[in-house]
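The values are calculated or read from the model by the stated rules, or taken from the named source; none is laboratory data. Computed from a prediction, not measured in an experiment: that's the story for all the values here. Backbone-built Cβ (ideal geometry, glycine too); neighbour counts: all protein chains shown.
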Amino acid sequence: GNSVTQMEGPVTLSEEAFLTINCTYTATGYPSLFWYVQYPGEGLQLLLKATKADDKGSNKGFEATYRKETTSFHLEKGSVQVSDSAVYFCALRDLYTDKLIFGTGTRLQVFP
Amino acid sequence: DGGITQSPKYLFRKEGQNVTLSCEQNLNHDAMYWYRQDPGQGLRLIYYSQIVNDFQKGDIAEGYSVSREKKESFPLTVTSAQKNPTAFYLCASSIPQTGRHTEAFFGQGTRLTVV
């Protein structure tokens, strides 16, 4: 079945460091891919998305490119801030069932 | 403002009691979802509904029940058969996949504690 695998955390960085959080997926066809962010005690917020191969999603300095050849959707940011500290989830939407399938989440901690 | 409302934010229940979590959306979305989140784990799908009066089991439906009598509402009942109900529950909604509009919107969650 469809699945999403993302790197385990926590990822600990100093402010202004470069961020990469890896995400790979297994799916039939070409599902839509997402990154969501969750702040403590809250629901999930959409960070960015890509709906077809080679699309690049971007928002608030974060970027991710839909790579069908490597079935990946890695999240990157050139310079993280303390306020980026949160849990990040990679997800896909199954084309046929409409299910949203999430990875286990990666906690990011940014220190000043 | 349009959005998804989950209530209450915190809920305490005694073991053996059924409890119903509310989820309402005014986004005119057809699809709605319930997820469970445990500490250090990802989101696991409990139930989802693509249209009124229809719903499907997700990966961990045992011990839960849902109804979808109205487009706006998708309540989740945690029954006494659920062995480990203490968790953070998240509701989401989306439109059917059409072109580039495929994302889901989430409520703020309900933290259920069973004592």
Of all residues in the range A:17-34, how many are closer than 22 Å to A:PHE111 by Cα and in contact with a Lys or Arg (Cβ under 8 Å, 6 or more places away or on another chain)? 2
Going residue by residue through the range B:88-101, is there one that turns out to be at pLDDT 90 or above, more than 21 Å from A:PHE89 (Cβ to Cβ), out of contact with any His (no Cβ under 8 Å at 6 or more places or on another chain) and not β-branched (Val, Ile, Thr)? no
Filter result (hydroxyl-bearing (Ser, Thr, Tyr) and within 14 Å of chain A (Cβ to nearest Cβ)) within the range B:49-95: B:SER49, B:TYR89, B:SER93, B:SER94
Counting only residues in the range B:62-115 that are more than 11 Å from the chain's Cα centre (by Cα) and among the hydrophobic types (A, V, I, L, M, F, W, C), the one surrounded by the fewest Cβ atoms within 10 Å (Cβ to Cβ) is identified as B:VAL115
Only listed residue being surrounded by fewer than 16 Cβ atoms within 10 Å (Cβ to Cβ), free of Cβ contacts under 8 Å to residues at least 60 places away in the same chain and either among the small types (Gly, Ala, Ser) or more than 22 Å from B:GLY40 (Cα to Cα) (or both), chosen from A:ALA64, A:ALA53, A:ALA86: A:ALA53
If I go through the range B:32-48 residue by residue, how many of them are away from chain A (no Cβ under 11 Å) and either at pLDDT below 95 or surrounded by fewer than 17 Cβ atoms within 10 Å (Cβ to Cβ) (or both)? 0
Under 6 Å between Cβ atoms, at least 6 apart or on separate chains: pull out the pairs that start in the range B:50-68 with a residue that is touching a residue at least 60 places away in the same chain (Cβ under 8 Å) and end on any residue that is of a type in the set (Val, Ile, Thr). none
So which residues in the range A:51-64 are under 11 Å from the mean Cα position of the chain (by Cα) and within 13 Å of chain B (Cβ to nearest Cβ)? A:GLY57
